[in-house]
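Report on one structure; see the data block that follows.
The values are calculated or read from the model by the stated rules, or taken from the named source; none is laboratory data. The structure displayed is predicted, hence computed values, not measured ones. Positions of Cβ are generated from backbone atoms using ideal geometry, with glycine treated the same way; all protein chains shown enter the neighbour counts.
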Amino acid sequence: MTGGPVVLAIETSCDETAVAVLRAPGELLAGEVASQIELHNRFGGVVPEVASRNHLLAVRPLIERALHEAGVGLGEIGALAATAGPGLATSLMIGFSAAKGLAVGLRKPFFAINHLEGHLLSPFLGVAVEACVALVVSGGHTMLVEVLGAGDYRLLGQTRDDAAGEAFDKVAKLLRLPYPGGPEIDRRARAGDAARFALPRSMMDSGDGAFSFSGLKTAVRYLLPKVDLEDPQAVADLCASFQEAAVDVLVAKTLDAARRCGRKLVTVSGGVSCNSRLRERFREACGAGGLELRMAEPGLCTDNAAMIAFVAAGRLERGEASPLTAEISPNLPLGQAL
């Protein structure tokens with residue numbers, strides 16, 4: 001085989017089992033994901049025990065499928081990687097143990113990868129990492145980061161309470177919408193009037209990178225006695241109003257951070273960056289502000305192993321590796337390598 005070494009990566013930080021095969025530095029050969037949405041739908045959210053049990057059932061067949069799709073044998077794998085954190089401990093352990101076991105058996109380097117770094121660099125998959133201001137926005141995290149280079153990050157601020165995706169999911173529950181709530185709000189909002197309900201834009205002008213979405217969620221809850229949830233148009237209007245308020249804050253604070261840092265490139269990643277209105281507003285705002293925008297493809301926004309493999313390939317290229325004594329870290333902060 002020509003090109004750089006091949007990395008096999010496993011991602012099991014929450015409820016998606018994902019395996020990717022990537023040729024360094026960034027040629028994705030295969031990416032497989034086994035979703036558990038239907039399993040958790042009946043509970044209205046992720047049940048850790050159910051998630052870990054199903055990761056255990058899915059991980060080996062998914063590895064075999066990814067290798068077959070990539071046309072690569074185990075003997076051709078040059079490095080193994082897995083998500084070390086942050087995430088659910090019982091879920092992280094499954095993929096981490098599988099990748100570490102393969103690394104030992106194949107006598108290849110092992111990489112314990114930060115899930116947040118995977119999201120952070122996912123817009124650059126296949127190209128060189130450039131200095132930028134990055135918004136990582138997901139169910140568990142909302143943060144602004146100045147990227148100085150691969151592995152060199154400066155946290156500008158993060159949410160002080162609910163992450164944006166968490167607020168989407170909680171509001172969806174208040175509106176009795178199906179799980180997962182974020183995509184459902186996006187879908188309903190397309191038929192709604194975003195100006196119908198006045199909702200707060202918390203910390204819009206705080207002059208820093210901090211966010212707060214709990215007040216927005218609470219404002220929706222206080223509106224519920226005045227809204228007929230049996231009326232599809234009323235629900236659509238409330239979804240649109242809530243979504244617009246959240247997007248206003250995310251766009252404004254990201255562009256403000258880019259100006260303060262003197263960066264001309266903005267990146268957006270994480271599960272919430274699949275939101276159609278968020279993507280539209282960022283394109284409009286960056287275009288008007290003379291900024292370059294790079295967003296991960298939708299398939300790379302939600303949890304996936306391609307982003308984990310990409311970070312590992314960069315570390316492999318720099319001559320780094322994780323010790324086989326590395327362990328999972330459910331609360332692993334951005335910038336900490338194992």
(request) Please determine, by comparing only the residues of segment 137-170 that are part of a helix (DSSP H, G or I) and not acidic (Asp, Glu), which one is nearest to the chain's Cα centre (by Cα). (result) GLY165
(request) Go over the candidates VAL59, VAL133 one by one and state the one that is within 23 Å of the chain's Cα centre (by Cα) and crowded, with 24+ Cβ neighbours inside 10 Å. (result) VAL133
(request) Name the one entry in ARG60, ARG23, ARG42 that is basic (Lys, Arg) and within 26 Å of ASP169 (Cβ to Cβ). (result) ARG42
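For (1) crowded, with 18+ Cβ neighbours inside 10 Å; (2) of a type in the set (A, V, I, L, M, F, W, C); (3) at positive phi, each residue gets a yes or a no:
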{"site": "LEU229", "(1), (2), (3)": "no, yes, no"}
{"site": "CYS239", "(1), (2), (3)": "yes, yes, no"}
{"site": "VAL251", "(1), (2), (3)": "yes, yes, no"}
{"site": "ARG260", "(1), (2), (3)": "no, no, no"}
{"site": "THR267", "(1), (2), (3)": "yes, no, no"}
(request) Would you check if there is a residue in segment 207-225 being over 16 Å from the mean Cα position of the chain (by Cα), in the same structural domain as ALA245 (by TED's automatic domain parsing), crowded, with 21+ Cβ neighbours inside 10 Å and part of a loop (DSSP other than H, G, I, E, B)? (result) yes
(message) Looking at the structure I just gave you, is VAL133 touching a residue at least 40 places away in the same chain (Cβ under 8 Å), outside any loop (DSSP other than H, G, I, E, B) and in contact with a helix residue (DSSP H, G or I) (Cβ under 8 Å, 6 or more places away or on another chain)?
(response) yes
(request) Just one of (1) assigned to a helix (DSSP H, G or I); (2) surrounded by fewer than 14 Cβ atoms within 10 Å (Cβ to Cβ); (3) touching a residue at least 40 places away in the same chain (Cβ under 8 Å) trips up ALA191, so point out which. (result) (1)
(request) Using the structure shown, decide if SER329 is in contact (Cβ under 8 Å) with a residue 24 or more places away in the chain, within 15 Å of the chain's Cα centre (by Cα) and under 23 Å from THR159 (Cα atoms). (result) no
(request) Residues being aliphatic (A, V, I, L, M), under 17 Å from the mean Cα position of the chain (by Cα) and assigned to a helix (DSSP H, G or I): count how many of those fall in segment 270-306. (result) 4
(request) Residues that are among the acidic types (Asp, Glu): find the strands (runs of 3 or more DSSP E) completely inside segment 1-95 holding 1 or more of those. (result) 6-11, 27-34
(request) Evaluate segment 260-269: report whether one residue or more is modelled with pLDDT of 95 or more, in contact with a Gly (Cβ under 9 Å, 6 or more places away or on another chain) and assigned to a helix (DSSP H, G or I). (result) yes
(message) Six or more apart or on different chains, Cβ atoms under 8 Å: show the pairs whose first residue is in segment 70-83 and assigned by TED's automatic domain parsing to the domain that holds ASN114 and aliphatic (A, V, I, L, M) and whose second is outside any strand (DSSP E or B) and modelled with pLDDT under 95.
(response) VAL72/MET1
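Here's the yes/no breakdown for (1) buried (at least 17 other Cβ atoms within 10 Å of the Cβ); (2) farther than 27 Å from GLN243 by Cα; (3) at pLDDT 95 or above; (4) in the same structural domain as ARG23 (by TED's automatic domain parsing):
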{"site": "SER273", "(1), (2), (3), (4)": "yes, no, yes, no"}
{"site": "ARG277", "(1), (2), (3), (4)": "yes, no, yes, no"}
{"site": "ARG281", "(1), (2), (3), (4)": "yes, no, yes, no"}
{"site": "CYS286", "(1), (2), (3), (4)": "yes, no, yes, no"}
{"site": "ALA306", "(1), (2), (3), (4)": "yes, yes, yes, yes"}
{"site": "PRO330", "(1), (2), (3), (4)": "no, yes, yes, no"}
{"site": "ALA337", "(1), (2), (3), (4)": "no, yes, no, no"}
(request) Given the conditions (1) charged (D, E, K, R); (2) closer than 25 Å to GLY44 by Cα; (3) outside any helix (DSSP H, G or I), report the number of the one that LYS173 does not fulfil. (result) (3)
